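Let me begin by presenting the structure, written as structure tokens, before commenting on it.
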Amino acid sequence: MQILSKNIFLLDEPTEIPHKNFVFPIPETISFEQLSTCPKLPPNHWQQSCVHSECTLHQLSPYIGKLKSSISHDLIQTYSKRGDLVVDPFSGSGTVPLEAALLGRRVFAADISPYARILNRAKLSAPQSLEEALNSAEIILSKAENQPDPDLNKVPGWVQKFFHPLTLKEAIKFALEARKKGNEFLMACFLGILHHERPGFLSFPASHLVPYLRDRKYPPQEYPELYVYRELRPRLIAKIKRAYKRKIDAHSNMEWTFRQSKIEKLSFPVTFDCLITSPPYMNTLDYGRDNRLRLWFIDPNSNREIDNPVTKEKEAFQRAIACMAQKINFRLKKGGYCILVVGERLSGSRLSSLSENICQIMEKKAPRLLLYSIIKDYIPDIRRSRRNCKATKAEHILVFQRH
Ligand SMILES: C[S@@+](CC[C@H](N)C(=O)[O-])C[C@H]1O[C@@H](n2cnc3c(N)ncnc32)[C@H](O)[C@@H]1O
């Protein structure tokens, strides 16, 4: 890591900050404008794909707005040290928690979404070995296969549309057994093969990230082979094997906590060393709508609106950030870092500066945290959830330090 000035680091090869000897820069208030005109540039490898090198547990199931594991890795390694307690209050699919645990940090994670609960818990408490995972799958698959068939008339039409009736019956029975056993790892593997057009998945041709049928691209009359029964068992077993392709054991003994909670109700740890999070993408992503099929299998009886106004209304978003800022102002340890990965979107021809707004809120509600550095990472189309649309174009990584 090269230190360009007091406040600007250039991340190149990930290196551990020698914390014991590290002299924190003298507190100095630098404005958002000053820092954003000379942002730190991200290292080149952030643009490259990490799917062939990351721990395969990261790939259990897709998640909109997921952070790249390579970015999480570098941020954790640069701004915390082994044994530290790292907090992520908007943990989504659990990228920061898993990467933190792999780097020997203790973890406190939270998110409002039940889908996030399954993924975080699955990644942090995955069975030790492939053999153990396959054994528990065998138990649940056999139990599910012995259950009476569900009445598909009680299944909403929009869910039925995605599956062959025989596949749907197997999927419902499996999800029921996995829920009964509280087996989040198997549930996450199941959710990860729920919809896609590839043969290893359960649905009729559909997109993988968000559930949209691709029946216009693949009309059933022209592609009847894509609308046949898809057996759950071999697909689930193949998925579990993929999850263990590059499973790293280092994190198995790490201390971790996950709370399913909205930020407004979340009790943070009394004190912690570092916070790394990506807050909800305002006005761009809708975590309820875009995960609706997976959420139905997690709890078919839930009428609870999992979406909250945070992603739609500016005031609600600002309240959520203010609430987080207030809670961490005293609890983040002196010298500790708070890193917010903020998705920016295009408005007209210029970037709308959500991060500037966040900095103003932080200044008011978390006066002990000073803006320390900004990293600007432009997101190529290939890394975006929806391509060629007015979605997130860049990430501003805001680094604050507690004084
Ligand atoms: C940008 S995503 C986080 C993605 C995550 N870093 C990952 O790599 O998967 C933001 C998360 O905030 C959660 N969220 C939205 N509103 C929330 C609220 N009021 N309280 C807590 N979490 C909330 C969403 O469920 C979503 O998972």
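This table checks each residue for (1) more than 16 Å from the ligand (Cβ to nearest atom); (2) aromatic (Phe, Trp, Tyr); (3) part of a helix (DSSP H, G or I); (4) touching a Phe, Trp or Tyr at 6+ places or on another chain (Cβ under 6 Å).
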| site | (1), (2), (3), (4) |
| --- | --- |
| Leu119 | no, no, yes, no |
| Ala122 | no, no, yes, yes |
| Ala133 | yes, no, yes, no |
| Ile139 | yes, no, yes, no |
| Lys143 | yes, no, yes, no |
| Asn153 | yes, no, yes, no |
| Trp158 | yes, yes, yes, no |
| Ile172 | yes, no, yes, no |
Checklist entry - What number of residues within the range 283-294 satisfy the criterion of being assigned to a loop (DSSP other than H, G, I, E, B) and either touching a Leu at 6+ places or on another chain (Cβ under 6 Å) or at pLDDT 80 or above (or both)? => result 3
Item to check | Which numbered condition Arg117 misses (of (1) basic (Lys, Arg); (2) under 29 Å from Pro300 (Cα atoms); (3) over 12 Å from the mean Cα position of the chain (by Cα)) | outcome: (3)
Checklist entry - Yes or no: Ser53 more than 13 Å from the ligand (Cβ to nearest atom) and surrounded by 21 or more Cβ atoms within 10 Å (Cβ to Cβ)? => result no
Item to check | Meets criteria (modelled with pLDDT of 95 or more and in a strand (DSSP E or B)) for Val86 | outcome: yes
Next on the checklist: Residue pairs, Cβ under 6 Å, 6 or more apart or interchain, first in the range 297-317 and at pLDDT 80 or above, second surrounded by 13 or more Cβ atoms within 10 Å (Cβ to Cβ). List them.
Outcome noted: Phe297/Ala175; Ile298/Pro114; Ala316/Pro309; Ala316/Val310; Phe317/Met282; Phe317/Val310
Item to check | Count of residues meeting criterion [modelled with pLDDT of 95 or more, part of a helix (DSSP H, G or I) and within 18 Å of Asn120 (Cβ to Cβ)] in the range 220-260 | outcome: 1
Item to check | Hey, His58 out of contact with any Phe, Trp or Tyr (no Cβ under 7 Å at 6 or more places or on another chain), away from the ligand (no atom under 16 Å from the Cβ), assigned to a helix (DSSP H, G or I) and touching a residue at least 24 places away in the same chain (Cβ under 8 Å) or not | outcome: no
Item to check | Single unsatisfied condition, His58 versus (1) at pLDDT below 95; (2) surrounded by 20 or more Cβ atoms within 10 Å (Cβ to Cβ); (3) closer than 18 Å to Ala100 by Cβ | outcome: (1)
Checklist entry - Does the range 145-172 hold any residues that are aliphatic (A, V, I, L, M) and closer than 13 Å to Phe297 by Cβ, and which are they? => result Val155, Val159, Leu168, Ala171, Ile172
Checklist entry - What residue, among those in the range 182-197 that are in contact with a Pro (Cβ under 9 Å, 6 or more places away or on another chain) and part of a loop (DSSP other than H, G, I, E, B), is surrounded by the most Cβ atoms within 10 Å (Cβ to Cβ)? => result His195
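Residues checked against (1) over 23 Å from the mean Cα position of the chain (by Cα); (2) under 30 Å from Ser261 (Cα atoms):
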| position | (1), (2) |
| --- | --- |
| Asp111 | no, yes |
| Lys123 | no, yes |
| Ser142 | yes, no |
| Pro156 | yes, yes |
Checklist entry - Does the range 65-81 hold any residues that are assigned to a loop (DSSP other than H, G, I, E, B) and touching a residue at least 40 places away in the same chain (Cβ under 8 Å), and which are they? => result Gly65, Leu67, Lys68, Ser80, Lys81
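For (1) at pLDDT below 95; (2) within 11 Å of the ligand (Cβ to nearest atom), each residue gets a yes or a no:
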| residue | (1), (2) |
| --- | --- |
| Pro62 | no, yes |
| Gly65 | yes, yes |
| Ile76 | no, no |
| Tyr79 | no, no |
| Phe90 | no, yes |
| Pro97 | no, yes |
| Ala100 | no, no |
Checklist outcome for this item: Checking Ala109, Ala126 in turn, the sole residue that is under 20 Å from Leu67 (Cβ atoms), in contact with a Lys or Arg (Cβ under 9 Å, 6 or more places away or on another chain), within 16 Å of the ligand (Cβ to nearest atom) and outside any helix (DSSP H, G or I) turns out to be Ala109
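The values are calculated or read from the model by the stated rules, or taken from the named source; none is laboratory data. Bear in mind that the values here come from a model prediction, so they are computed numbers and not experimental data. Cβ sites come from the backbone with ideal geometry, for glycine too, and all protein chains shown count toward neighbours.
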